[in-house]
Amino acid sequence: MQEVFEWMLSYGWALWLVLFLGFAAVEALTLDLFFGMLAVGALAAMLASFFAAPLFLQVVVFAVVSVLMIGVVRPIALKHLQKGDKDQLSNIDRIIGAPALTLESVTGSSGTVKIGGDTWTARSVDGSPLPAGVEVSVARIEGATALVQAAGTGSTAAH
């Protein structure tokens with residue numbers, strides 16, 4: 001047991017390196033910026049071990065740096081990652097109002113359309129039949145179904 005403790009004191013940097021790599025690997029799987037902050041703490045403790053800091057000081061460095069990273073850096077990083085252009089539309093919002101081509105007759109209960117190269121199941125908004133091969137516009141999306149209307153009719157409905 002004494003030999004293990006002596007090895008840890010001599011090669012403490014290796015244990016911090018293993019912790020760093022472990023936290024980094026978990027962060028790569030979770031992508032929530034929590035384990036990445038712990039990985040930075042382990043890296044700081046590894047640096048402290050290179051400067052011959054005692055084990056208790058290495059643990060303190062790990063704890064302090066990790067807490068600071070989680071409390072200060074993580075919220076700022078998350079805010080920047082979630083920051084987006086307010087005018088930027090999601091994939092579904094981008095489809096609303098887009099032109100589509102009926103691939104088969106579209107009725108109030110069935111049909112298919114091509115929207116931007118993708119084939120969607122479709123229904124007509126008002127239940128009226130729309131023949132195959134005509135251009136329509138997407139009024140809204142309900143699940144995986146596009147509700148379409150004849151091109152140039154009315155405004156798009158809210159979804």
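Tally up the carbon and sulfur contribution to the accessible surface of the stretch 1-120 as a whole percent, 1.4 Å probe, everything protein left in place. List each step's numbers first, then the result.
Details: 5580 of 7980 Å².
Exposed carbon and sulfur together represent 70 percent of the surface.
So, with +1 on the Cβ of K and R and -1 on the Cβ of D and E, and no other charges, what is the size of the charge dipole of the chain about its Cα centre, to the nearest 20 debye?
On the way: 8 positive and 12 negative charges, 62 e Å.
Charge dipole, the chain, about its Cα centre: 300 debye, nearest 20.
Using the membrane-span-like helix rule (whole DSSP H runs, Cα extent along the own axis of at least 18 Å, mean Kyte-Doolittle hydropathy at least 1.6), which helices of the chain qualify?
Counting only whole DSSP H runs, the qualifying helices are 12-30, 35-50, 55-68.
Rounded to the nearest whole Å², what accessible area per residue is found for the stretch 1-136 with the 1.4 Å probe?
Details: 8870 Å² over 136 residues.
Each residue of the stretch 1-136 exposes 65 Å² on average to a 1.4 Å probe.
How do the peptides 50-57, 115-122 rank, highest first, by the average count of neighbouring beta carbon atoms within 10 Å per residue?
Details: 50-57: 11.6, 115-122: 14.0.
Descending packing order for the listed peptides: 115-122, 50-57.
Can you pull the three principal axis extents for the Cα set of the stretch 1-139, in Å, largest first?
In descending order, the Cα extents are 84, 31, 20 Å.
The values are calculated or read from the model by the stated rules, or taken from the named source; none is laboratory data. Note that this is a predicted model, so its numbers are computed, not measured. Reconstructed Cβ throughout: ideal geometry from the backbone, glycine too, with neighbour counts over all protein chains shown. Ligands, DNA and RNA are excluded from the accessible area calculation, which covers all protein heavy atoms including side chains. Shrake-Rupley method; radii C 1.70, N 1.55, O 1.52, S 1.80 Å.
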